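Since the structure comes first, as structure tokens, the remarks are kept for the end.
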Amino acid sequence: EAVPTYQIVDEAGADVTDQYAVEASLGTLTVNPIRIVIQTGNAKKQYDGQPLTNKDWTALLSSSYVLKGHTLSVQMHSSITEVGAIPNEGSASVTDENGKDVSHLYEFEFVCGQLSVVGIPLYISTNSAQKEYDGKPLQAPQWVLLGGDLKSGETLTALTSAQCTTVGTVENAMEFVV
């Protein structure tokens, strides 16, 4: 803890410090880092087996961006290949004119965009059927691919078909595999 240094003088300039019992209530001095908010880019595509990345970013909020002679560098880390979505994450650093890392002078906040890979759309129609109750299951395993494209060498196969064994109606839901 710092001990304050002071001197009390009278009107004539004589040191009278020893005549006082000073109790100091010391304030604080705080230097905050420069805050930089970085928004990363979004990207979305249909599945094609290739990685999806987006290196775009923008500084949204900064009190003075970076000091003169300093250089902001943002590195993007995220990549997605399979169907799904992830945040587009990155990291930042700042160097001075001599290449020295001065990132400790800055506070970085990331507002992450999203990288999304969506599945290849397939449009399938299953058949309908009806009959009078006879105690036996009713099935209609026929189906047709109305739209969408399978990748070269791939096939679509029905694994299961719905059935109805009692009086009533059910959707002809089927399970498929590519």
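Which residue out of Thr126, Thr160 is open to solvent by 60 Å² or more (accessible area, probe 1.4 Å), more than 30 Å from Asn32 (Cα to Cα) and either in contact with a Lys or Arg (Cβ under 7 Å, 6 or more places away or on another chain) or polar (S, T, N, Q) (or both)?
Working: Thr126 fails: open to solvent by 60 Å² or more (accessible area, probe 1.4 Å).
Among Thr126, Thr160, only Thr160 is open to solvent by 60 Å² or more (accessible area, probe 1.4 Å), more than 30 Å from Asn32 (Cα to Cα) and either in contact with a Lys or Arg (Cβ under 7 Å, 6 or more places away or on another chain) or polar (S, T, N, Q) (or both).
Pick from region 31-58 the residues that are part of a loop (DSSP other than H, G, I, E, B) and under 15 Å from the mean Cα position of the chain (by Cα): which of them is farthest from Met76 (Cα to Cα)? Explain how you work it out, then say what you get.
Within region 31-58, the first condition is being part of a loop (DSSP other than H, G, I, E, B), and the residues that meet it are 31-33, 41-42, 47-51, 53-56.
Imposing the further condition that a residue be under 15 Å from the mean Cα position of the chain (by Cα) reduces the set to 41-42, 53-56.
On the way: Gly41: 10, Asn42: 12, Thr53: 8, Asn54: 8, Lys55: 6, Asp56: 8 Å.
So, considering only residues that are part of a loop (DSSP other than H, G, I, E, B) and under 15 Å from the mean Cα position of the chain (by Cα), the one farthest from Met76 (Cα to Cα) is Asn42.
Quick one: in region 59-69, which of the residues that are assigned to a loop (DSSP other than H, G, I, E, B) and polar (S, T, N, Q) is most open to solvent (accessible area, probe 1.4 Å)? Full working, then the answer.
Residues of region 59-69 that are assigned to a loop (DSSP other than H, G, I, E, B), as a first pass: 63-69.
From what's left, polar (S, T, N, Q): 63-64.
Values: Ser63: 95, Ser64: 64 Å².
The residue in question is Ser63.
For Val167, are the conditions met, namely being in a loop (DSSP other than H, G, I, E, B), more than 21 Å from Lys44 (Cα to Cα) and either touching a Ser or Thr at 6+ places or on another chain (Cβ under 8 Å) or open to solvent by 80 Å² or more (accessible area, probe 1.4 Å) (or both)?
Numbers: in a loop (DSSP other than H, G, I, E, B): yes; more than 21 Å from Lys44 (Cα to Cα): yes; either touching a Ser or Thr at 6+ places or on another chain (Cβ under 8 Å) or open to solvent by 80 Å² or more (accessible area, probe 1.4 Å) (or both): yes.
The answer is yes for Val167.
Pairs only if they're at least six apart or on different chains, beta carbon under 8 angstrom, first in region 70-94 and open to solvent by less than 20 Å² (accessible area, probe 1.4 Å), second charged (D, E, K, R) and assigned to a strand (DSSP E or B); list them, first residue then second.
So the pair list comes out as Val94/Asp101.
Which of the following residues is open to solvent by 70 Å² or more (accessible area, probe 1.4 Å), touching a strand residue (DSSP E or B) at 6+ places or on another chain (Cβ under 8 Å) and not in a strand (DSSP E or B): Lys151, Lys131? Explain how you work it out, then say what you get.
Numbers: Lys151 fails: touching a strand residue (DSSP E or B) at 6+ places or on another chain (Cβ under 8 Å).
Of Lys151, Lys131, the one residue that is open to solvent by 70 Å² or more (accessible area, probe 1.4 Å), touching a strand residue (DSSP E or B) at 6+ places or on another chain (Cβ under 8 Å) and not in a strand (DSSP E or B) is Lys131.
The values are calculated or read from the model by the stated rules, or taken from the named source; none is laboratory data. All values reported here derive from a predicted model rather than from experimental measurement. With ideal geometry, Cβ positions are generated from the backbone for all residues, glycine too; neighbour counts draw on all protein chains shown. Only protein heavy atoms, including side chains, enter the accessible area calculation; ligands, DNA and RNA are left aside. Shrake-Rupley method; radii C 1.70, N 1.55, O 1.52, S 1.80 Å.
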